[in-house]
Amino acid sequence: MTSQKINAYLDTLSETPQYKNLFSRANTLYVNQLILAKLIPEKLSPYCYLSKTNDGEFTIIVKNGAVAAKLKQLSPSLLCKLQKIGWKITSIHVLVQGDFFKENAYLHEKQPTTKKQIFNQVAHKSFDELINNSIDSPMISAIRSFLHKHKSN
């Protein structure tokens, strides 16, 4: 299904009485998220998401305590900016919820996964040489034990 067909389907679905309120709310949240992203520092915006706005309270979900602390410092000026553009809010609530960002990792750059290196024969031979050319010590005993475990696996 092409994106044009999906958009047409979603547009039609958004006009049905069952889903009209849901799509309206989702669109409002999306637009408000874009506004929030413009008002906070660029370095913080990937870690801040608008959760809800109701009863004069504006709730922002953040990734960690450091982002929350910085956002709390900025909240008086952010509140003024939001009120100037016509938002009827009286307080900003910051909610730390790091697991939210694990589920939404596609929005941020992903760290490349590192493959576990296999303990190969060359490394094994190097450790054997080290053991044979060294005086017995606790370190040599630990290496010997390590090699013994790897031989049995």
Ranked 57, 42, criterion: other C-beta atoms within 10 Å, fewest first: 42, 57
Rough spin-label spacing in nm, given labels placed 7 Å along Cα→Cβ, for residue 57 and residue 140: 6.8 nm
Members of 20/72; 5/38; 52/88; 20/63; 63/84; 20/84 lying beyond 23 Å, as alpha-carbon distances in this model show: 20/72; 5/38; 20/63; 63/84; 20/84
Inter-label distance for residue 43 and residue 74, nm, one decimal - labels placed 7 Å from Cα along Cα-to-Cβ: 1.0 nm
Lys, Arg +1 and Asp, Glu -1 on Cβ, resulting dipole of the range 3-108 about Cα centre, debye, nearest 20: 300 debye
Phi-based couplings in Hz for the range 15-22 (Karplus 6.51, -1.76, 1.60; Gly and Pro marked x): 8, 6, x, 5, 10, 4, 5, 4
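What is the fewest-to-most order of 58, 23 by other Cβ atoms lying within 10 Å of their Cβ?
By the 10 Å Cβ count, ascending, the order reads 23, 58.
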Sequence of 93, 148 once ranked by neighbouring C-beta atoms within 10 Å, starting from the fewest: 148, 93
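All of the numbers you see were taken from the coordinates with simple rules; none came from a lab. What you see is a predicted model; the values in this text were computed from it and never measured. With ideal geometry, Cβ positions are generated from the backbone for all residues, glycine too; neighbour counts draw on all protein chains shown.
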